[in-house]
Amino acid sequence: MNLLLPETVSEACHLMSVHPSAVPVAGGTDLFVHWPQRMADHDRTFLDLSGVQDLATHRWTEDELVLGALTTYWDLIQDPRAQTALPLLVHAARQVGAVQIQARGTWAGNIVNASPAADGVAVLMAYDAAVVLQSVEGEEEYPLSEFYTGYKAMRRRPDQLLTGIRIPLKRYDFEMFEKVGSRAAQAITKVGVAVTMRGGRWRIVASSVAPTVRRCPALERLLSEGGQVRGPEDLMAALREDVAPIDDIRSTARYRETVLARLLYFGLKDVCPSIS
């Protein structure tokens with residue numbers, strides 16, 4: 001294994017330009033869980049970001065929260081301001097694996113691992129987060145909702161590092177995060193949904209029901225424009241425009257579709273005028 005150990009962001013970007021096939025490593029939780037079975041990875045080059053202290057912090061401004069690429073779930077669980085200003089982040093962080101995973105796993109790693117079942121990505125997307133990519137050529141920024149191009153595919157070039165996540169601070173009228181798994185803790189999501197509403201405008205993000213974590217624009221329009229919903233089945237047509245669940249070892253497509261519709265109907269019926 002070839003290990004690169006940068007100490008600054010600029011050094012890390014330079015190394016990525018020289019070694020574009022290198023795998024950036026932050027918490028390592030997604031990498032090492034499969035390490036014994038993925039022997040080919042043992043011969044790859046890895047860029048260990050743990051020494052880049054500028055990426056190890058998160059900071060608040062008047063308008064946003066900025067997470068460095070090494071910010072862990074535990075960093076936000078311990079931050080009293082996060083619990084008040086962005087409670088879904090803390091709620092989701094507490095459901096990502098065990099405490100050991102929460103202490104090492106990073107929000108940025110959750111994004112670039114690109115799992116369609118990612119809990120952190122769903123709440124970040126519901127909060128309108130943007131990702132900051134950096135290379136020797138400069139910075140680029142994308143809304144997280146536009147970052148993924150397909151299963152395990154994203155807009156990050158091989159020479160780019162995800163160095164930050166920007167989350168605007170807004171007042172929401174309603175927030176919700178629900179995760180359904182095989183058990184109450186340490187379970188991969190079968191169906192997940194994060195919802196925010198502000199001024200009658202909805203943002204609904206579903207996980208584990210499509211090739212990527214995905215916004216649900218058809219359902220957002222249905223609720224924002226006052227379409228009448230009298231039961232979970234009335235959400236199905238819109239959901240089928242937005243998601244594409246599959247059968248796999250954890251669940252069936254039919255189960256995922258049904259559970260997502262029920263989560264949304266019963267979670268929103270007391271706060272959404274369209275739902276009766």
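In whole angstrom, note down how far apart the Cα centers of region 157-177 and region 1-51 are. What the calculation gives is 23 Å, centre to centre. Looking at the chain, the DSSP beta bridges with both ends there are about 85 percent antiparallel.
Estimated from the Cβ-Cβ distance and a Förster radius of 45 angstrom, the FRET efficiency linking E140 and S276 is about 0.50.
Labels on offer are (i) 83, 44, 24; (ii) 130, 40, 31; (iii) 58, 44, 33, and the one holding Cα extents along the principal axes in Å computed from this structure is (iii). Couplings for region 112-118, taken from phi via the Karplus curve 6.51 cos²θ - 1.76 cosθ + 1.60 with θ = phi - 60°, read 6, 5, 6, 6, x, 9, 5 Hz in order; Gly and Pro are left as x.
Under the criterion of Cα pairs below 8 Å and six or more residues apart, the relative contact order for region 170-276 equals 22 percent. Seen from all directions on average, region 117-172 presents a Cα convex hull projection of 4.3 nm². Applying 0.36 nm per residue to the separation of E64 and A237 and subtracting their alpha-carbon distance, the gain on full extension is 58.8 nm. With a Förster radius of 35 Å applied to the C-beta separation of Q186 and I246, the computed FRET efficiency comes to 0.90. Let me check against my output: what whole-number percent is the relative contact order of the chain, with C-alpha pairs under 8 Å and at least 6 apart? So the answer I get is 15 percent.
Highest mean first, the peptides 58-70, 154-166 sorted by other C-beta atoms within 10 Å per residue fall in the order 154-166, 58-70.
Count the net charge of all other residues whose Cβ sits under 9 Å from the Cβ of M197, scoring Lys and Arg as +1 and Asp and Glu as -1.
Cβ neighbours under 9 Å give a net charge of +1.
The helix-only estimate of mean residue ellipticity at 222 nm for the chain, built from DSSP H runs of length n ≥ 4 each weighted as -39500 (n - 2.57), is -8000 deg cm²/dmol after division by the residue total.
Report the relative contact order of region 1-123, percent, no decimals, based on alpha-carbon pairs under 8 angstrom and at least 6 residues apart. Worked out over region 1-123, it gives 25 percent. Going by the alpha-carbon gyration tensor, a ≥ b ≥ c the square roots of its eigenvalues, is region 45-198 rounded (a/c under 1.5) or, if a/c is not under 1.5, prolate (a/b greater than b/c) versus oblate? It is rounded, given that a/c, with a ≥ b ≥ c, falls under 1.5.
Taking the Kirkwood radius as Rh and the Cα radius of gyration as Rg, region 86-153 has a ratio of Rg/Rh equal to 0.99. Our coupling estimate for region 22-27, obtained by passing each phi through the Karplus curve with A = 6.51, B = -1.76, C = 1.60 and θ = phi - 60°, is 5, 9, x, 10, 10, x Hz, Gly and Pro reported as x. Per-residue Karplus couplings for region 68-77, computed as 6.51 cos²θ - 1.76 cosθ + 1.60 with θ equal to phi - 60°, are listed in order as x, 5, 9, 5, 9, 4, 5, 4, 7, 4 Hz, Gly and Pro entered as x. The length gained by stretching the chain between V99 and S17 to full extension, at 0.36 nm per residue less their Cα-Cα distance, is 26.0 nm. Screening the chain for DSSP H helices whose Cα atoms reach 15 Å or more along their own axis and whose mean Kyte hydropathy is at least 0.0 gives 253-268. Counting only lysines at least 8 places from K179 when in the same chain, those with an alpha carbon closer than 20 Å to its own are K190, K269. Once backbone amide H atoms are built at 1.01 Å from N, Y142 has V131, L133 as its partners under 5 Å, excluding neighbours fewer than 5 places away on the same chain.
Here, each number is a calculation from the coordinates, and none is a lab measurement. Here the structure is a predicted model, which means the values were calculated and not measured. Virtual Cβ from ideal backbone geometry, glycine too; neighbours counted across all protein chains shown.
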